[in-house]
Every structure is written in structure tokens, then in C-alpha cells.
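What follows is one structure encoded as C-alpha cells, with my remarks underneath.
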Amino acid sequence: MPTFDLGLEHVSLDFATKTIFTDVTQGVFEGDRIGIVGRNGDGKSTLLHLLEGTQAPDSGRVTTRNGLTFGMLDQRDQLDDDATIREAALEGREDYEWAAQTESREIVEALLGGLNLNARIGTLSGGQRRRADLARLLLKDWDVLALDEPTNHLDVVTIHWLAEHLKNRWAKGTGALLIVTHDRWFLDEVCESMWEVHDGQIEPFEGGYSAYMLQRVERDRQADVRETKRRNLARKELAWLSRGARARSTKQKFHVKAARELIADVPPMRNTLELKQMATSRLGKQVVDLVDVTQIFDREQGAVADIDPDSPGLEIFNVYEEGERAPYGWALRDAETGDVRFGEYAEEDLGRCMIGKIDPNTRGLQVWVKDVYDVNGRTLELPTPGTNMKIYWAGDLSTQITDGADYLHGDQYGVINDLTHGVMLQPAGTATNNGTKGNPCLVADVLGDFREELLVRTADDTAIRIYTTTDLTPHKLFTLMHDAQYRCGVAWQNNCYNQPCYPSFYYANDMDFANVLPQLNAKPTLWMAGDSIMQSYAPGDKPVTGWGEMLHTLAHGDAVCQTAHRADCPFPQEMRYELPGLVIDNCAMAGRSSKTFREEGRLDDIAAHIRPGDLLVVSFGHNDANRAKAERYVPADAFGESLRPFWDAARSHGAVCIFASPVAMREFDEAGVCYPSFAAYREAMRAFAAEVGAPFIDLGAATAAANTAFGAERCKARYMWVGAKQDNAHQQNAGACRTAQAFVQQLLQDTTPALDVLRANFK
């Protein structure tokens, strides 16, 4: 993700009767000139208030570069009625003060010319107040300027002046401008890109208003083509449905009538695959996206799971109940491709259908609608279980059902039952959340023994009871809550119509336990993000050596370390070290700061592979401090926030982030003491690590102390003093080894439990 000067990260915002933004990520870079358009009420002004900080999002965050100034012209001014124009707009400056500067003089003359500067704000008309507020804003220097309907109450001449002023206010590539206005000419004249706010999203377009309209028209044209094709296909399907005897006898009359009108020009044979794809594609609204699953649930009835353990990847089981808008039916599909494996159309609501392990002798999970099917679509000679809510209750890894009032012939409490065990629980004194489906409050592995608990309210609504099984089981596996997909399912039970959730691995009596959360059984990886001081070097680059390539030499054991480039890594300098209990993946690269490392996509590459239980070592500062190279430079006071994306990437994937300060250079004072280099960046990293609770390794202090003990002259052998070259920053083998040792020494002293895996691998 790019680093914005000002931006929204996964921002959502709801008002009482309207959703304004849904998971919006968008930002402003220095030099942007952005026009914001959209229908009234879609959130244009709200967007400016979010960026200003006067409106807080419901979720997500607004990020701001340290020190950035934001000026905003609101549709309603905040001027004091009792203040004079001079006090409110000119902040009390006398005429000789503002007139002495060309720019301020032009602003005052254009907007306040003809007005008595000593007149009180409360005596002005609406247009005059608008001019005074605009002058107040333009007379100050801002990094970002946001204008909400700036041309209101302005005449044509003043509008043209304002356009020229905004175009010339900043040098090219500096400042940023955000404009909300209905004045199309003004947008075209001033803006270089557009944001369209609609349906809870922000859609960017290149160019001014005219270019935006051309792109929008083309977008809408393509959408119309897709919609026309879908409608034509639906008409064909309706006609086909009306051909069958069953359809003619049972379909609603208006369906039959419409179909007969269409039959004349419809081919007698249908494209079965195409119709199936149409019927099982986006019939309802999107409810939830699962991590690493590309398909979407349609309405409330859908399940993503490893239904067929012998087929790669996951499968989706969907039940469609769109009524008049689309055919009823159900289907089992491949989660990655969406291809239909089997299913059928129906002429009525199928109710709640289910998947689970109900037959221990049939491979894979079973699918039941009105009949029971195996993973290949074969009908099984089994009674159809209930379909209200599944639960993993029994110790034999089978699937049970929670039922309610209908099953108990009038009793209000629910039960747990299945075809094999019968009724396994009758929680007396409780009540389900509705009469027909028997929905509990929650079904989830909340206590953590891989079997699920039943959470249900007491009949008098005074408490929620948690029921768990005490039956002995020969099985043992990680709790289901270790699985991200399962946790997502538990979350939607609390936010949507109560639906069962499934883990990402195959869960049944015939499961392969090696496939249960394999990442927890795999060796952890220590990822390394840094610069030339950490980098792994090719033999032709020697004698320069990075401390990251020496780290594996300090590991336990006598096994030979295997080194190789990661096959899918787009950056050639990356090197992977395979140890008996640990993998070290050194992604550091010379010349990179915390800023350029991210901008080049190097952090994205790590984030795409990092897993729960992994660790990420982050060591920057040497290049961040280089003012001479603006593309690398990160001010010390902004260094902490520049490190935050590394922390976020590790945390979001269940990994641990470790911060290591810049290494000391060979710099000695007159007393022969080497001092830690890049002090401001070292302390900024320490402060950020303390803020987020991450381990901090002070390599600066450790290497400085070691240099002092070694002496300035002898230290030349640790740094790149080779021939005529005098490099006091980069290290040779001896120096890189010493730095790696300093890292491990402090690591072994850190008591953070998450670092146990490293302490177990290093001596």
C-alpha cells in the first residue's frame, strides 16, 4: 500500500439511516489537484471532514504525515458575528502589513475589495461572509487545501480569479488541493484528477471533469452491455423453464404466460454450462469475503469449506432463494474458479440446507437439501437431517444439528442431535431465538478443545449459558479458533443471520491431521527487512558483508545450512537460509530506506508470504537520514510512522515484529569513544517499538560499545577500509559477525514469549 501524505485506510462510516463509506482506502499525495463529485448526500462533504479530522470514522483510520497542515473552507463558516472583517479574515493585520506582500494584496483586493474592513461580520450578506471566510483561508499557508463549494456566492470575474490563484498557488509537485463543487468549468480548469463518491466508495479518475465524464460514460456503457447479456440469458432460462411439464403445472401463472410469449424465438436446446454459471453467479448482495477465498457468499445461505478432501482447494455450497428475480436452486462449486460441480434448479424456497459429516462411511462431507448427496453429487440412501444449525459436538468428529421448537413438538428449548447418536443434549430452562429454526445465541469453539460450544439464553432472559461436552475423545487437534476462516465465520454469526462456520481444513473422522493448520507444524521464518548493512551479498561483492547473511552461523546444531533464492521472489538479492528449526529469509537491499523499501513493493512481497508464528526484523535509519536523496529521506520525527506499515503487516498476519536500530558507524571522538550513530532515528524507533509493544534491539549502542573496546584503528578491519577505500559504514565479515552476535545476545535476553522460537534456535 502506498504511503499517503493524507489518507483513509479501510474507513467505514454509517449515519443513522445511510451508509456513507464502506472499507474505503484512498489518499492524497503532494502535488495532487483533485475534484470530488457525486450525488448530493453521497458523502462528498463528509469525506472532507474525515480528512480534516472533525469527523471520526466508525472503523479504519485517517493517516496524516507528521507536521502536515490542513485548511478547509466549509459550506458554513465559523466566523464570529461580533468580529470585524479585519479581525476575522485578516487576523487583525493593518493595511500596510497585508498590502506589502503581492499575494496577500491580490487576495484581499479580489475577495474583500469594496468592503469596509472594520464592518462586523454579523452585518454582512451571505455572499460577503463567504468572501471573508475564503480570504481568511487563502491568506494562510497550507500543505493541503480543501474547498467545499468555493464558487458559491462568487461572480464570474471572481471565479476566474480564484481558478488562476489555485493553479498558481503552489509550485508544481507541491501542495495538494481538494475541491467539492458543482461548477464543471471550475473543475476542468483547476483539477488534474477526479474522485467520484458513490455507493459507499471513492472511485478515482485521471484528468479533469471532461476526461472523467468520458471515462464514466465508457464504464456505464460496458456495464449496460453486461446487464443486457444477463437479462437476455435470464429470459432464455425463463423460457426453458416453462417448457417442462412440471414447470407448466407448478410455476406461477405470470411466469408461464411470460415464458410462452418468449418461446417462439428461443432455440429449443440450451447451453447447460452457461445457464448454470448464470444461475450461480451474483444473485444476491455480498455479505462477507473470506481471506484467501475468492468467491463470495450470495445472501445468507452459503458455506465455504474443504468439502471434498481429495480435491485441491476449497468448495462453496450455496442455496439460492431470490424468488422472482432469479431461479431457486442450489449448487456445489469450486471456490477458486466458481465452476459448478453439481446442483439443480428448484421451483420453491428450499429453506436452510446444510453440509457436514453425517455418514462416517462416505468420503468427504455430505450435502443435504431434500436429499443427501456425496461430494460427487451421488444421492445417498440416508434420511435427510435437520437443517437449522450445525455444531461439532461429538468426540468422533461428526457433525450434529441444533433444532428448536418444531423438533420438540412445542417445547421452546433446543436440542443437539444427529442420525447416529440421536439426541445428545436437551438444555432445559433455555429458549432459542426463534420458534421455527431454533437458532442459539452462538455456536463456536469458545473454550478451545476443537469441539464447539452451544451458547443459548435462559428462558427468563437473565443469562446466557455455555454448554460444552464432557465426552471423552481419542482425538486431539488445535482449537478451531486458530483458523482465520473459522474466526471470520464466528464473527458473522454475531453480525448476520445466524449461520454455521467451517474451518479452512477438512474436518471429519477421516481427516488427515497433517493438513490441520499446517503452518503451525511448519518451521517458522525469520524475515529481514533492511538496507545494505543487513543485506546478503554475492561472492563478487566481497569483502562487503551484511549482518543478515551471518545470522545463520549463530544457530544451534551442526547441520549444514542450505541457501537459495526464493523462487517466487521478484528481487534478486533476496537470500533464504534453511536451518533445522528455522528459516531465515533476508530481503534487505542496499540503498533502501523504510520509505523506498515499501514503495518498491518489497514489504508487499514479505506480507504475501509471512504466516502466523513468523517473525519480521526491521532495521532502517541509515538511508532514511540522507537529506541529499529526497526519494529516501524520512525526517526523524516521521520515522516512527514510516515504520508502522511493517508493524501492521506483521501483526495482521499473526507474526511478530522486531525493531533493530541502525548500526553504529566507525566514528570516534577525541577520547577514543565510538558513539551510536543516527541518534534521532534510533530513539524514534525505540519510542515507536515501546508504543506498539514490540521488541527493540539496540544495535547502535551494542556496536558502538564493541567498537570502543576494539579501538579506532583495529576497527578498520571490521569496516570497509580496503586499500584506498575508507568506508566507515559498511562492514566486512568480522564486523558483520560482530553485529549479528550483538543482535542474538540481546535477543536471548528479551523475555517476550513470542521470541521463544528464536531463542530455541540460537546459541
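The table for this structure:
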| read-out | value |
| --- | --- |
| In nm, spacing of pseudo-spin labels at Lys18 and Asp460 (7 Å Cα→C-beta vector) | 4.7 nm |
| Beta bridges by DSSP in segment 6-214, antiparallel share as percent, to the nearest 5 | 55 percent |
| Zone of Ala211's modelled label, taken as backbone nitrogen in segment 137-176 under 13 Å from a point 7 Å along Cα→Cβ | none |
| Segment 304-515, Rg to Rh (Cα coordinates; Rh as Kirkwood inverse mean 1/r) | 0.95 |
| Cut-off under 5 Å, modelled amide H: who pairs with Val617 long-range | Trp527, Met528, Ala529, Ile658 |
| Computed label-point distance, nm, for sites Asp349 and Arg363 using a 7 Å Cα→Cβ extension | 3.8 nm |
| Ascending count of other beta-carbon atoms within 10 Å, so fewest first, for Arg592, Arg341, Arg682 | Arg341, Arg682, Arg592 |
| Sites Glu713 and Lys172, calculated FRET efficiency, Cβ-Cβ separation with R0 41 Å, nearest 0.05 | 0.20 |
| Listed pairs Lys357/Lys390; Lys716/Lys763; Lys140/Lys167; Lys542/Lys716; Lys542/Lys763 exceeding 18 Å between Cα atoms | Lys716/Lys763; Lys542/Lys763 |
| Fully extended contour minus Cα-Cα distance, from Tyr633 to Ala522, at 0.36 nm per residue | 36.1 nm |
| Intensity falloff of segment 442-557 expressed as log10 I(q)/I(0), Debye formula with alpha-carbon point scatterers, at q = 0.10, 0.12, 0.17, 0.19 Å⁻¹ | -0.55, -0.66, -0.92, -1.05 |
| Rounded to whole Hz, the Karplus (6.51, -1.76, 1.60) HN-Hα couplings of segment 741-751, x for glycine and proline | 4, 4, 4, 5, 4, 6, 4, 5, 8, 6, 8 |
| J(HN,Hα) series, segment 664-678, from Karplus relation 6.51 cos²θ - 1.76 cosθ + 1.60, nearest Hz, glycine and proline x | 5, 7, 7, 10, 10, 8, 5, 7, x, 9, 8, 10, x, 7, 6 |
| Projected label distance in nm at Ser59 and Glu667, using a 7 Å step from Cα toward the beta-carbon | 4.6 nm |
| Distant-in-sequence amide H partners of His556 (H built 1.01 Å from N, under 5 Å) | Phe762, Lys763 |
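We did not get these values from a lab; they are worked out from the coordinates using the rules stated. No experiment lies behind these values; they were computed from the predicted model shown. As a convention, Cβ positions derive from the backbone with ideal geometry for all residues, glycine included, and neighbour counts pool all protein chains shown.
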